[in-house]
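Coordinate-derived values only; no laboratory data. What you see is a predicted model, and the numbers here were worked out from it, not measured in a lab. No Cβ is skipped: glycine too gets one built from the backbone with ideal geometry, and neighbour counts run over all protein chains shown.
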Amino acid sequence: MIRGAKRKDKPRQDDGEPVRATISFPSDVYRALEDIARKKKVSIAWVVREASEQYLAKRWPVLRGSR
């Protein structure tokens, strides 16, 4: 039987410290993020954080106050 990679259990960070994540995107999505970042003169990370925050505010408004 083939199993996926096991993830290490990480302690939750409730202290407001940033948490690093590694994300893979399809190449067309990544190119679009690069274009947006270039036009706004920000990093791709900034674009992804902004999009994530907007998504959470729209789809999961109950989580908004938990930050």
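Here the extension length gained between residue 53 and residue 37 equals 4.2 nm, from 0.36 nm per residue of separation less the Cα-Cα distance. Phi angles of the range 33-48 translate, via the Karplus equation with coefficients 6.51, -1.76, 1.60 and θ = phi - 60°, into HN-Hα couplings of 5, 4, 4, 4, 4, 5, 5, 8, 6, 9, 7, 4, 4, 4, 4, 5 Hz per residue; Gly and Pro are given as x. For residue 42, neighbours were defined as the other residues whose beta-carbon sits under 10 Å from its Cβ, and their charges (Lys and Arg +1, Asp and Glu -1) total +4.
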